Amino acid sequence: MDQQRNNRDSNGGLAEATASRLRFEDPDDNEEVGMEVEDNDAAAAAAAAGCGAEEEEEVIGSDKTSADYYFDSYSHFDVVRTKSYQNVITQNSFLFKDKVVLDVGAGTGILSLFCAKAGAKHVYAIECSQMADMAKEIVKSNGYSDVITVIKGKVEEIELPVPKVDVIISEWMGYFLLFENMLNTVLYARDKWLADGGVVLPDKASLHLTAIEDAEYKEDKIEFWNNVYGFDMRCIKKQAMMEPLVDTVDANQIVTNCQLLKTMDISKMTPGDASFTVPFKLVAERNDYIHALVAYFNVSFTKCHKMMGFSTGPRSKATHWKQTVLYLEDVITICEGETLTGSMTVTPNKNNPRDIDIKLSYTLKGHRCQVSRTQHYKMR
């Protein structure tokens, strides 16, 4: 369910509970914009990102258009994220100058080109889809064939011409951070090829949660199935409720604070760290209804001269990833200052690890509403 609300946009900064101030660059104009993050370890995980999921096999040429390549390469030129990566590379050339770089899931090779331009000794761009053929042409057309080697194949199946690399860079993130992502592939490459003292970029990621009022959209997309031209189709409603919606959320719909759920250190974590159960505590900032919880992620580059990155939250500039909306069975009436507590369990699906199973438990003991429920979601 990847549908766009016509009346939605996302602008501004991100307010976190118990926050300290960090500064991050606006990729559009290089002016600094403020982002607030949790005052703990996750301060390093408060921003920055690229793209992850593997592209599907494509046939280069024939009926393809430039628009096809744009979208089929997982929207590689999303301005926010691509400009952010460019700023990280060009403004921190000390990380790349005379270094051997590995670009995991290179797509069109845009990140490899940035690295080469920043002075990398050599860049190995690994791409398993047919886009690798186009990347080779792009590298050649821009005069970087002597610096960038495009390797077509899966990271887990290829061998590099060098035993170690100094830098691994990747746009590995998927929707909800972990859906159809390439995290395990990046971790595999890290363990196999990254030299001692080497750098993984980006190196921190954090998952966040908030709650929204969304009566109109929920009525239109979920409650619709109660009565379809006079027929009961609530069995479809149950299915729709289990499918998280990838969409952009209007910041005005946010009812509670935004809370950090999980921080991941890509430099040190193991694949098993992508499975977790974490508690949450969302405090209402006004009297309103809650129809859904909204998850989003931030990714950061902490090895730069200064912290750089961006957020995919509803108060930040829109990105390809949008936000992930989890509709609740209950319509919760909450008063300012009351607390919705609960926990979220995230695990890769046993049959397909690229899919995500989410278990959400929530409780409210409020003045006007008392509720306690557990719901299950499947991102497929």
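Probing with 1.4 Å while keeping every protein chain in the model, the per residue accessible area of the stretch 281-344 equals 32 Å². Annotation for Val79 and Asn227: the two label points, set 7 Å from Cα along the Cα-Cβ direction, are 4.5 nm apart. Net charge dipole, the stretch 78-171: roughly 320 debye, given to the nearest 20, about the Cα centre with Cβ charges of +1 for Lys and Arg and -1 for Asp and Glu.
Measuring between their Cα centroids, the stretch 291-308 and the stretch 324-357 lie 19 Å from each other. Reducing the stretch 99-124 and the stretch 150-171 to their Cα centroids gives an inter-centroid distance of 11 Å.
For the pair Asp133 and Thr339, label points projected 7 Å from Cα toward Cβ lie 5.9 nm apart. Here's how it looks for Glu285: its modeled amide H is under 5 Å from those of Thr256, Asn257, Gly337, which are all 5 or more places away or on a different chain. Among the GluC sites (Glu not before Pro) in the stretch 293-380, those placed in a DSSP loop whose Cβ has at most 14 other Cβ atoms within 10 Å are Glu336.
Are there GluC sites (Glu not before Pro) in the stretch 77-158 that DSSP puts in a loop and that have at most 11 other Cβ atoms within 10 Å, and which ones?
Values: sites: Glu127, Glu137, Glu156, Glu157; in loops: Glu156, Glu157.
Those that pass, being in a loop and sparsely packed, are Glu156, Glu157.
Order of 98-106, 298-306 by packing, highest average Cβ count within 10 Å first?
98-106, 298-306
Using the per-residue mean of other Cβ atoms lying within 10 Å as a proxy for protection, in what order, highest first, do the peptides 181-190, 201-210, 108-117 fall?
On the way: 181-190: 20.9, 201-210: 26.3, 108-117: 24.5.
Top of the packing list down: 201-210, 108-117, 181-190.
Sorted by average packing, counted as other Cβ atoms within 10 angstrom per residue and highest first, what order do 82-95, 358-371 take?
Working: 82-95: 20.1, 358-371: 16.3.
Put in order of decreasing packing, that is 82-95, 358-371.
Provide the FRET efficiency to the nearest 0.05 for the Lys268-Asn351 pair, computing r from the beta carbons and using R0 = 35 Å. That pair, Lys268 with Asn351, gives E of 0.75.
If the limit is 32 Å between Cα atoms, which of Lys152/Lys350; Lys117/Lys378; Lys83/Lys136 go over it? Can you show the working numbers first?
Values: Lys152/Lys350 28 Å; Lys117/Lys378 42 Å; Lys83/Lys136 22 Å.
Lys117/Lys378, as the Cα separations exceed 32 Å there.
When the solvent-accessible area of the stretch 128-236 is split by element, carbon and sulfur atoms take up 50 percent of it, the probe being 1.4 Å. For the stretch 78-171, the solvent-accessible area works out to 39 Å² per residue, with a probe of 1.4 Å and every protein chain left in place.
The values are calculated or read from the model by the stated rules, or taken from the named source; none is laboratory data. Everything numeric here is computed off the predicted structure, so don't read it as measured data. Please note: Cβ atoms are built from the backbone with ideal geometry, for glycine as well, and neighbour counts cover all protein chains shown. Heads up: the accessible areas ignore ligands, DNA and RNA and are worked out on the full protein's heavy atoms, side chains in. Shrake-Rupley method; radii C 1.70, N 1.55, O 1.52, S 1.80 Å.
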